[in-house]
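As structure tokens, the structure follows; a few thoughts come after it.
Read-outs throughout are calculated quantities, based only on the coordinates presented, and are distinct from any laboratory measurement. Note that the structure is predicted; figures quoted are calculated from it, not measured. Positions of Cβ are generated from backbone atoms using ideal geometry, with glycine treated the same way; all protein chains shown enter the neighbour counts.
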Amino acid sequence: MNPILFVYAKGGPPLEYAMPKIAARAQVHVLALAPLPYRSAETWRPHCASVTEHEPLDGTELVDLICEHARRVGAKAVLTLSEYAVVAVAHAAGRLGLAGAGERVEAARDKRLMRRVWQDAGVPVPGFAEIHDTADIAAAFERLTPPLLLKAAWSAGSTAHVRVHDRDQAERAWQLGRTVMADSAELGYAELHRAEAGVSDFLLEEIVTGSAPDWFPDRGWGDYVSVEGIVADGVYHPLCVTGRMPTVPPFTERAGLAPAALPEPLQRRVEEVSRAAVDALGLDTCATHTEIKLGADGSMWVIETAARFGGVLTTRQAETVFGLDMIGMLVRQLLGEPVEYPPAMLTTGTGAAASLAILPVDADGRPWTELPCWDFDAVDWPALLGPGSTVEPVREHSLKPGSAMPPYEEAGGANAMAALLFVTAGSAQALLADCERIVAALPQALNALPQALNAPHTDGAAR
């Protein structure tokens with residue numbers, strides 16, 4: 001098999017799922033720019049031809065490192081599944097003459113540039129303003145309609161997202177956001193190619209109003225969806241839509257669900273908007289993850305597109321429900337091998353699957369008053385699930401058993417995730433009901449554990 005260099009950084013699908021998919025198509029050499037998840041090493045390490053760990057660099061030095069390592073192993077392709085490494089990997093692939101996202105990759109990473117491109121192309125986006133100093137904040141409130149959402153331009157997982165109503169609140173949130181991004185960088189959740197950008201680049205954005213009842217026939221769904229796809233030699237192939245539970249304020253994702261319970265005609269409208277958004281970015285060859293807000297009377301706004309697959313277990317959900325091995329498809333595409341894409345985005349599948357983040361927040365968005373310790377095996381899961389449903393933890397994205405759950409802070413977003421669960425059910429509505437029961441019952445279930453388990457635990461989280 002052809003050798004491929006896999007650049008590992010924080011985020012993306014867990015290695016216990018992704019690595020066997022890559023290794024089925026290529027000889028995998030790993031360049032790790034973040035600590036590897038050795039708690040699950042028995043599931044991914046045997047699939048690696050070599051593993052090299054290196055301190056993260058940035059800018060040209062990082063691209064140099066990737067190119068040097070790719071040449072050393074004779075890589076025929078370079079791949080990452082992490083949001084934080086897509087820019088560096090794209091530049092390295094270009095320098096090596098290999099397939100990759102291309103020279104315009106930053107438009108799929110920097111939220112300010114992304115919105116400028118879409119605005120010029122007529123893609124529907126919320127009103128926004130770039131923030132470099134307090135004068136920009138004042139100007140934004142003169143031009144945009146509050147409340148506004150402060151965002152870090154290079155963030156992921158809703159980190160450093162704060163809802164603000166006036167200038168003073170926005171200035172405080174901006175300072176808080178910079179602190180949160182610096183703290184996230186210490187945990188390894190930061191842009192690698194432009195390390196300084198994470199704590200300095202922000203925008204303010206109008207909060208558009210979603211209306212899930214205008215789109216979904218049943219209650220309980222969130223008001224936005226994601227389209228997973230692949231761009232192959234500049235041609236966009238949308239593959240499937242995933243839905244959401246309502247977010248935790250301000251916009252922290254709690255669960256992604258496949259399939260989205262949207263009627264097919266509405267999924268086709270979503271497909272076309274995602275096509276306009278991805279085509280405008282001018283990407284070459286890469287995965288894509290496009291988030292679209294669903295408003296009243298059929299209105300839509302594109303929130304963002306990333307040059308990688310959706311994080312957590314989105315790729316596994318797509319395989320479970322739609323039979324799509326998206327990681328394998330991308331590897332073959334990067335290696336120049338033939339790939340058979342669906343003639344149109346798939347809208348129906350078999351069964352349903354969810355990525356459920358365990359956050360210490362109730363169904364109404366209120367933080368838990370007590371923070372128990374986490375232990376998957378101590379919870380009576382059959383009592384929380386419907387007939388035929390299953391649940392399993394993802395060790396790479398979960399605290400060690402006995403670890404105290406972190407508090408939820410609005411600006412911290414997904415940094416408060418204690419665990420990630422993979423849930424399956426016979427239908428989308430049964431899956432949503434399972435997730436709702438877990439969210440409602442888990443505080444009591446964990447607080448009922450023996451006190452010995454709820455003692456402080458000093459081991460770090462495997463995230």
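Using only alpha-carbon positions, what ratio does the radius of gyration of region 305-348 give when scaled by 2.2 N^0.38 Å? Walk me through the numbers on the way to the answer.
Numbers: Rg = 11.0 Å, N = 44, 2.2 N^0.38 = 9.3 Å.
It is 1.19.
If you add up the charges near residue 315, with Lys and Arg at +1 and Asp and Glu at -1, over every other residue whose beta carbon is less than 9 angstrom from its beta carbon, what do you get?
Details: positive: 21, 316; negative: 228, 319, 325.
Once positives and negatives cancel, what remains is -1.
Using only the alpha carbon atoms of the chain, find the Kirkwood hydrodynamic radius as the inverse mean reciprocal pair distance, in angstroms to one decimal. It would help to have the intermediate numbers written out before the result.
Working: mean 1/r = 0.0447 Å⁻¹.
This gives a value of 22.4 Å.
With a cut-off of 8 Å between alpha carbons and a minimum separation of six or more residues, what is the relative contact order of the chain in percent?
Relative contact order comes out at 16 percent.
Excluding residues on the same chain fewer than 8 positions from residue 400, give the aspartates and glutamates whose Cα lies under 17 Å from its Cα.
16, 42, 375, 377, 392, 459
Over what distance in Å are the Cα centres of region 87-164 and region 416-451 separated?
Centre-to-centre distance over Cα atoms comes out at 33 Å.
By how many nm would the segment from residue 50 to residue 348 grow when fully extended, if each residue of separation counts as 0.36 nm and the alpha-carbon distance is taken off?
Working it through step by step, the gained length comes to 103.4 nm.
Given H placed 1.01 Å from N in the peptide plane, which residues other than close sequence neighbours of residue 80 have an amide H under 5 Å from its amide H?
Amide H to amide H, under 5 Å and 5 or more residues apart or across chains, residue 80 pairs with 7.
What do the square roots of 5 times the Cα gyration tensor eigenvalues come to for region 127-206, in whole Å, largest first, as semi-axes of the equivalent ellipsoid? Display every interim value, and only then the final one.
Values: eigenvalues 97, 25, 22 Å².
So the three semi-axes of region 127-206 are 22, 11, 10 Å.
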